[in-house]
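Peer 1: I'd like to ask some things about the structure below.
Each reported figure results from applying straightforward, stated rules to the coordinates on display, with no laboratory input. Owing to the predicted nature of the structure, the values given are computational and were not obtained by experimental measurement. Note: ideal-geometry Cβ built from the backbone for every residue, glycine included; neighbour counts use all protein chains shown.
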Amino acid sequence: MDPSDGAVIKTAGLSKSFRGFTAVDRVDLTVADGDVHALVGPNGAGKTTLFNLLTGFLKPSAGQIMLGGRDITGSSPERIARLGVARSFQITNLFEQLTLQQHVELALMGTTKLGHRFWVSDRVLTKFRARAGELLDEVGLVRQREVPAGTLAYGQKRALELALALALDPAVLLLDEPTAGMGMEDVERTVELVRRIRTDRTVVLVEHNMSVVAGLADRVTVLQFGQILTEGTYDEVRSDPRVIEAYLGGESAA
Amino acid sequence: MTALVFRKLAAMPRLWRLVAVLGGLLIALALPWLIYPPIAMDIVAWALFAVALDLLLGFTGLLSFGHAAFWGSAAYTAGTIAIETGAPFPVAVLGAAVVAMVLAVPIALLAVRRTGIYFAMVTLAFAQMVYYVANQWRGLTGGENGLQGIPKNLFGLDLSDPFYFYYAGLPIALIGLLIAWRVVHSPFGRVLVAIRENPARSRSLGYPVDRYKVMVFVISAGLSGLAGGLYAVSHGFASLQEVYWTTSGKVVIMTVLGGIGTLWGSMIGAAVIVQVEDYLATSGIHIGPVNITGPGLITGLIFVGVVLLFRRGVWGTVAHLLRRRRHVPDAEPHLSGTTVPAAEQEPAVAPKS
Ligand SMILES: Nc1ncnc2c1ncn2[C@@H]1O[C@H](COP(=O)(O)OP(=O)(O)OP(=O)(O)O)[C@@H](O)[C@H]1O
Ligand SMILES: [Mg+2]
């Protein structure tokens, strides 16, 4: 791939089958540098599976994934994370017993080489304290910084997911339904946050809340049955009869 | 998983921790005055072994059921070095630890591909292979006769009295414990706990989980080797028992008994088991003609009892109660939470009367 064509993520024929069932089917997705790119589609369309492929948690059955001109097909999750791709999980995926402070410290440390040092005191982590506080403040959790994550409400866990992804200071941020389970106020805060942080990164966003998509996305890709149904701006996609059909069909089938 | 007691301990005022450390040190120094000195040395060696296992079991969430491989191969190595070269015994013990670490590398590389019970099975399988080799390689290990006459050399000092040997050996164990403590309270230790809590999430934060597991496995094996080498020199003898699977089981029992993820708990568990087994070995309890204190039975019963009564192990439960006393909320849900709604119902009934 030519890096100068402005694509940060480019997949070619990307497919994933689970025992004969094809969850992601020959997807050619191009995410342009600096865009907020929304992935929408009915339940079971393959959005999360696509994220799992992009972040190395699943190995593709076929196809290729390029990250800024580098082939990352088959790379491990930790390697992809270190290449600057961070993700939040749809199903909250935290360290239940660790405090929020420890969570963010861990994420901040993830971009350094500190983790291998078994011979120094963990007091060196206090250098992350201020930054951790800032990040927790950004997602509205600074008052709970000493609380174990297991005790948080669902929406707060979503916010912590976001703080963790941000702590990695990624070039590419993959957010899987970041506002699911949040109240109106938190949804707005999250939208604001994404708007602020997008300035120097690329965001891929899986989102069911269409007003969030409308407010944030430069491009929208619609997935159905693992395939790309259509792609365009929000307005283009919204008026596409196939999309309306897909959503109605998806609902009635569910 | 079990209580994250080390963090609770860390939350205690510094004074508490200082008291605990000084108290532990005092007990360690006084031990051969209080009990039969060879048993004191056994306790110290097993305590280090249990702590080494706890690095894996309590702090990384990996159950090794093959740590006898490291303890035992170290016992033979320390013995061989001491016998063949006449080196000072700390050198022999250190050499043994290095050999245990080298042995741990291939085992770890293969075992970390599995988790849970499969990890335990892989480690057990490797330990059985080591046992087999030790049994066959009579020239080195003495087979069923064991490796006898391991000298306690230290610059011409006479350490034949177990009382004096204890004080010569104790620093080695203390250094091992210090290493374990440092590992737990390091950035690396933080990552281990993260891996225990959620390996997939740790990977998405950029941590190569398998590499961390291999590292901690090798460190754990090294400390186990230090313990096993010390044990063999102390006894002047290394036997097949040291590489047998029951030794792997015993150290797991010690760690779980004391409370995993606590370091202190492992030491307490080791002390209890060594004492109980010594007591049973010297004065068996008979019911009719049957000696019910056959190897493992009573230990097993105590183990089952403690696990049923104190889910967090001995030390884990103590630390938990201390914390409750001070009204520090627990990190994890516990039973007392279920009693709250019942108490809240009471006022609703009261106005009736
Ligand atoms: N590990 C797996 N094994 C088998 N089938 C799977 C697996 N993961 C996902 N699937 C299937 O693949 C399909 C796509 O799932 P995926 O989670 O990617 O959907 P989604 O678009 O994220 O849906 P939602 O909007 O509900 O989150 C579903 O039918 C799901 O059952
Ligand atoms: Mg999904």
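Peer 1: Let me know the mean shielding of A:91-97 by other chains, meaning the per-residue number of their Cβ atoms within 10 Å of its Cβ. Present the calculation step by step, with values, prior to reporting the outcome.
Peer 2: Details: counts 0, 1, 4, 3, 9, 7, 11.
Average per residue, whole number: 5.
Peer 1: Quick one: what Rg and Dmax do you get for the stretch B:4-116 from the alpha carbons, in Å?
Peer 2: 17.4, 50
Peer 1: Placing unit charges on C-beta atoms (Lys and Arg positive, Asp and Glu negative, everything else neutral), compute the dipole magnitude of the stretch A:74-155 about its Cα centre in debye, rounded to 20. The partial results should precede the final answer.
Peer 2: Values: 11 positive and 8 negative charges, 69 e Å.
In total the dipole reaches around 340 debye.
Peer 1: If one computes the Cα centroid of the stretch B:55-132 and of the stretch A:175-215, what distance in Å separates the two points?
Peer 2: Each part's Cα centre sits 50 Å from the other's.
Peer 1: Angle, helix A:241-253 long axis vs. longest principal axis of chain A, Cα atoms, 0 to 90°, nearest 10?
Peer 2: So the inclination is approximately 70 degrees.
Peer 1: Right, here's the next one. Kirkwood hydrodynamic radius, computed over distinct alpha-carbon pairs, for the stretch B:59-136: how many Å, to one decimal?
Peer 2: Working: mean 1/r = 0.0760 Å⁻¹.
Evaluated on the stretch B:59-136, it is 13.2 Å.
Peer 1: Using R₀ = 30 Å, calculate the FRET efficiency as 1/(1 + (r/R₀)^6) where r is the Cβ-Cβ separation of residue A:43 and residue A:147; round to 0.05. Please report the intermediate quantities before stating the final value.
Peer 2: Working: r = 32 Å, r/R0 = 1.07.
Computed FRET efficiency for residue A:43 and residue A:147 comes out at 0.40.
Peer 1: I would also like to ask the following. Enumerate the amide H contacts of residue A:8 below 5 Å, restricted to partners 5 or more residues apart or on another chain; note that Pro and chain-start residues carry no placed amide H.
Peer 2: Result for residue A:8 returns A:31, A:32, A:33.
Peer 1: Can you compute the equivalent ellipsoid semi-axes for the stretch B:151-196, i.e. the square root of 5 times each eigenvalue of the Cα gyration tensor, sorted largest first and rounded to whole Å?
Peer 2: Numbers: eigenvalues 253, 14, 11 Å².
Output for the stretch B:151-196: semi-axes of 36, 8, 7 Å.
Peer 1: Here's a follow-up. Give me, ordered by chain and number, the residues 5 or more places off residue A:87 or on other chains with an amide H under 5 Å from its own placed amide H.
Peer 2: For residue A:87, the qualifying residues are A:174.
Peer 1: Would you mind computing, in nm to one decimal, how far apart the modelled labels at residue B:30 and residue B:83 are, each placed 7 Å from Cα along Cα→Cβ?
Peer 2: About 3.9 nm, to one decimal.
Peer 1: Helix-only estimate, please: 222 nm mean residue ellipticity of chain A, summing -39500 (n - 2.57) across DSSP H runs of length 4 or more and dividing by its residues, to the nearest 500. List each step's numbers first, then the result.
Peer 2: Details: 9 runs with 87 residues, N = 254.
Calculated from helices alone, the mean residue ellipticity at 222 nm is -10000 deg cm²/dmol.
Peer 1: In degrees, nearest 10, range 0 to 90: what is the angle between the Cα axis of helix A:129-138 and the longest Cα principal axis of chain A?
Peer 2: Approximately 40 degrees, to the nearest 10.
Peer 1: Please turn the phi angles of the stretch B:262-277 into ³J(HN,Hα) values with the Karplus equation 6.51 cos²θ - 1.76 cosθ + 1.60 (θ = phi - 60°), one per residue in order, whole Hz, x for glycine and proline.
Peer 2: Coupling constants for the stretch B:262-277: 10, 6, 4, x, 4, 5, 5, x, 4, 4, 5, 5, 4, 5, 4, 5 Hz.
Peer 1: About its Cα centre, what dipole magnitude does the stretch A:1-123 give when the only charges are +1 on Lys and Arg Cβ and -1 on Asp and Glu Cβ, stated in debye to the nearest 20?
Peer 2: Numbers: 13 positive and 11 negative charges, 79 e Å.
Approximately 380 debye in magnitude.
Peer 1: Still on this structure, I have one more. Please get the size of the charge dipole for chain A, origin at its Cα centre, with Cβ charges of +1 on Lys and Arg and -1 on Asp and Glu, quoted in debye to the nearest 20.
Peer 2: Working: 28 positive and 32 negative charges, 206 e Å.
The dipole magnitude comes to about 980 debye.
Peer 1: The stretch B:182-252 to the stretch A:75-120: how many Å between their Cα centroids?
Peer 2: Answer, in whole Å: 22.
Peer 1: What ranking, highest mean first, results for peptides B:67-74, B:170-177, A:236-243 when packing means the other Cβ atoms within 10 Å averaged over each residue?
Peer 2: On the way: B:67-74: 32.0, B:170-177: 19.5, A:236-243: 14.5.
Listed from highest to lowest mean packing, they are B:67-74, B:170-177, A:236-243.
Peer 1: Pairwise over distinct Cα atoms, reciprocal of the mean inverse distance: report the Kirkwood radius of the stretch A:80-236 in Å, one decimal place.
Peer 2: Details: mean 1/r = 0.0605 Å⁻¹.
Averaging 1/r across every pair of different Cα atoms and inverting gives 16.5 Å.
Peer 1: Something else: If I model a spin label at residue A:239 and residue B:245 as a point 7 Å from the Cα along the Cα→Cβ vector, what separation in nanometres do I get?
Peer 2: With each label point 7 Å from Cα toward Cβ, the separation is 7.2 nm.
Peer 1: What does the average come to when, for each residue of peptide B:181-192, you count the partner chain Cβ atoms lying within 10 Å of its Cβ? Walk me through the intermediate numbers first.
Peer 2: Details: counts 0, 5, 2, 2, 5, 12, 17, 8, 5, 9, 8, 2.
Across the residues of B:181-192, the mean count of other-chain Cβ atoms within 10 Å is 6.
Peer 1: If you don't mind, there's one more thing I want to ask. Taking every pair of alpha-carbon atoms in the stretch A:142-226, what share in percent sits in each 10 Å bin, from 0 to the bin with the longest distance?
Peer 2: 15, 50, 29, 6, 0
Peer 1: ³J(HN,Hα) across the stretch B:198-205 via Karplus (A = 6.51, B = -1.76, C = 1.60, θ = phi - 60°), whole Hz, x for Gly/Pro?
Peer 2: 6, x, 5, 5, 4, 5, 5, 8
Peer 1: Report the FRET efficiency, 1/(1 + (r/R0)^6), for residue A:112 and residue B:167, where r is their Cβ-Cβ distance and R0 is 56 Å, rounded to 0.05. Numbers along the way, then the final one.
Peer 2: Working: r = 42 Å, r/R0 = 0.76.
According to the calculation, E is roughly 0.85.
Peer 1: When every alpha-carbon pair in the stretch A:1-76 is counted, what percent end up more than 21 Å apart?
Peer 2: Details: 671 of 2850 pairs.
The calculated P(r) of the stretch A:1-76 puts 24 percent of pairs beyond 21 Å.
Peer 1: Roughly what would the spin-label model give for residue A:28 and residue A:129, points 7 Å off Cα along C-beta, in nm?
Peer 2: 5.4
Peer 1: If you count, for every residue in A:71-78, the Cβ atoms of partner chains within 10 Å of its Cβ, what is the mean? Mind showing how you got there, number by number?
Peer 2: Values: counts 0, 0, 0, 0, 0, 4, 10, 11.
That works out to 3 on average.
Peer 1: From the backbone phi of the stretch B:229-239, what are the Karplus-calculated ³J(HN,Hα) couplings (6.51 cos²θ - 1.76 cosθ + 1.60, θ = phi - 60°) in whole Hz, Gly and Pro given as x?
Peer 2: Values, residue by residue: x, 4, 4, 5, 5, 4, 7, x, 7, 10, 10 Hz.
Peer 1: Please list A:125-138, B:77-90, B:48-61 highest first by mean number of surrounding beta-carbon atoms within 10 Å per residue.
Peer 2: Values: A:125-138: 16.5, B:77-90: 20.4, B:48-61: 29.1.
With the highest mean Cβ count within 10 Å placed first, the list reads B:48-61, B:77-90, A:125-138.
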